[in-house]
1. Taking into account only those residues within the range 85-140 that are in a loop (DSSP other than H, G, I, E, B) and among the aliphatic types (A, V, I, L, M), which is surrounded by the fewest Cβ atoms within 10 Å (Cβ to Cβ)?
2. Would you be able to say whether some residue in the range 129-141 is farther than 26 Å from PHE173 by Cβ, free of Cβ contacts under 8 Å to residues at least 12 places away in the same chain and hydrophobic (A, V, I, L, M, F, W, C)?
3. Quick one: how many residues across the range 72-90 are out of contact with any helix residue (DSSP H, G or I) (no Cβ under 8 Å at 6 or more places or on another chain) and over 19 Å from LYS139 (Cβ atoms)?
4. Being without any contact (Cβ under 8 Å) to a residue 24 or more places away in the chain, under 23 Å from LYS174 (Cα atoms) and under 16 Å from the mean Cα position of the chain (by Cα) is the requirement here; does ASN103 meet it?
5. Determine, yes or no, whether TYR146 is in a loop (DSSP other than H, G, I, E, B), hydroxyl-bearing (Ser, Thr, Tyr) and in contact (Cβ under 8 Å) with a residue 24 or more places away in the chain.
6. Can you tell me how many residues in the range 38-58 are under 15 Å from the mean Cα position of the chain (by Cα), at pLDDT 95 or above and either part of a loop (DSSP other than H, G, I, E, B) or among the aliphatic types (A, V, I, L, M) (or both)?
7. Could you pull out the residue among THR72, THR93 that is touching a strand residue (DSSP E or B) at 6+ places or on another chain (Cβ under 9 Å) and either at pLDDT 95 or above or in the same structural domain as GLN169 (by TED's automatic domain parsing) (or both)?
8. For VAL80, are the conditions met, namely being over 21 Å from ILE164 (Cβ atoms), among the aliphatic types (A, V, I, L, M), in the same structural domain as ASP147 (by TED's automatic domain parsing) and at pLDDT below 95?
Amino acid sequence: MKSTIFFFMFMVLLSCNTEKKQSNIVNQKNDNINKSSKDNSIDYSIGPPTIIYKTKKDYYDKIPVSMNDEKTKIVSYPDVKDIYYKGELAYPTKLDDGYLLDNRGIGKNTVFLSITYEEYNKLAEVPTIDAMMKLIIDKEPFAEIYDCGNRYQYKDIVTDLNKIISDKQLNKFKKIY
């Protein structure tokens, strides 16, 4: 009986210590994420990212799709029903100085199709990969892309980002492209 009690107490103590170690590991990972940014006050924690970008030409109303690193095939694209953000077509939000706030999932391997959100929305089904490949406008459409941290850190995201842009403070964020 004493050995059974001892065993259970040992297991309880062990689990408490393990939980503390796991908590320390999580805290260290979060610290490293924040230290990897140029400004430790930027929140890069898990959550929706704040991606802003500029394109070489006007692709504002065009459907974005993602390609592999070699840009030889499309690896991700929206369903015709998945092009909405907050109940409306997921156009990017216009910011100052020609920047756009992503509402769809822009990344370094994103390209734009020649089809607009409105046209895509009217399709009965998603075009085939081969058809989408033929609709690609430009395989290198970006002038700049920045990850400005977790979207929830901003009180008024458009106002806050426009202030960052006007203050020429984009260099404190992670440059993706």
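The values are calculated or read from the model by the stated rules, or taken from the named source; none is laboratory data. Keep in mind that this is a model prediction, so the values were computed, not measured. Neighbour counts run over all protein chains shown; Cβ positions are idealised from the backbone, glycine included.
1. As a first pass, look at the range 85-140 and keep what is in a loop (DSSP other than H, G, I, E, B): 86-87, 90-92, 95, 99, 102-109, 122-128, 139-140.
Filter once more, so that each one left must be among the aliphatic types (A, V, I, L, M): 90, 95, 106, 123-124, 126.
Values: ALA90: 18, LEU95: 19, ILE106: 24, LEU123: 11, ALA124: 5, VAL126: 15.
Among those that are in a loop (DSSP other than H, G, I, E, B) and among the aliphatic types (A, V, I, L, M), it is ALA124.
2. Initially, the range 129-141 is screened for residues farther than 26 Å from PHE173 by Cβ, giving 129-137.
In the following step, the residues that additionally are free of Cβ contacts under 8 Å to residues at least 12 places away in the same chain were identified as 130-131, 134.
Subset that is hydrophobic (A, V, I, L, M, F, W, C): 131.
Checking the range 129-141: at least one residue is farther than 26 Å from PHE173 by Cβ, free of Cβ contacts under 8 Å to residues at least 12 places away in the same chain and hydrophobic (A, V, I, L, M, F, W, C).
3. Result for the range 72-90: 8.
4. Working: without any contact (Cβ under 8 Å) to a residue 24 or more places away in the chain: yes; under 23 Å from LYS174 (Cα atoms): yes; under 16 Å from the mean Cα position of the chain (by Cα): yes.
Yes.
5. Working: in a loop (DSSP other than H, G, I, E, B): no; hydroxyl-bearing (Ser, Thr, Tyr): yes; in contact (Cβ under 8 Å) with a residue 24 or more places away in the chain: yes.
Judged against the criteria, TYR146 is not a match.
6. Qualifying residue count, the range 38-58: 2.
7. Details: THR72 fails: touching a strand residue (DSSP E or B) at 6+ places or on another chain (Cβ under 9 Å).
Sole residue among the options that is touching a strand residue (DSSP E or B) at 6+ places or on another chain (Cβ under 9 Å) and either at pLDDT 95 or above or in the same structural domain as GLN169 (by TED's automatic domain parsing) (or both): THR93.
8. Working: over 21 Å from ILE164 (Cβ atoms): yes; among the aliphatic types (A, V, I, L, M): yes; in the same structural domain as ASP147 (by TED's automatic domain parsing): yes; at pLDDT below 95: yes.
Yes; evaluated as a whole, the condition is true for this residue.
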